[in-house]
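The values are calculated or read from the model by the stated rules, or taken from the named source; none is laboratory data. Note that the structure is a prediction, hence the values are computed from the model and not measured. Cβ: placed from backbone, ideal geometry, glycine included. Neighbour counts: every protein chain shown.
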Amino acid sequence: MGRRKKIKAKRCVECREKYRPDVSVGAAQKTCSAECRRERRKQLAKAWREANVESYRERERERQRRHREHSKGISAGGVSASDASMSRTGVLLEVSEWKRLMKEIGDKVETLSRTGLARKVRILSGARAEKRGQEGTGISECHGPG
């Protein structure tokens, strides 16, 4: 049997409480909890900002500029959303195509199965097909727990 290495208790750099570091982190762990880690990150960020004032100010100005442009509706190319022509990528079928499909469905409604009719309606409405069974859930339960 292999021996397990005992991990020595450490002190949290934030709250000064003793804790046992996670085995996977080892010597790199400095804080005892997520709350202390958040506090440590906040303090480190503040120290970085104080040490790099000019760099921080430049980055902050750029971030604010991008936010203001986004709020006004200006895209990266400098064209506002109201000036741009409407994109037709979302239009699934032209009117003539709609009419043709409606006529086709009307002619075949009695011969179509419920699934076939549902498929045609989905095509007309532009709705995506629902995934059914295991494919739609993202969970494979047919073979039990892995």
Within the stretch 1-49, residues assigned to a loop (DSSP other than H, G, I, E, B) and in contact with a Pro (Cβ under 7 Å, 6 or more places away or on another chain) come out as I7, Q29
For the stretch 23-54: of the residues being among the charged types (D, E, K, R) and surrounded by 13 or more Cβ atoms within 10 Å (Cβ to Cβ), which is nearest to A9 (Cα to Cα)? K30
Elements of type helices (runs of 4 or more DSSP H) in the stretch 50-146, at least 3 residues being modelled with pLDDT of 60 or more: 53-72, 95-108, 114-125
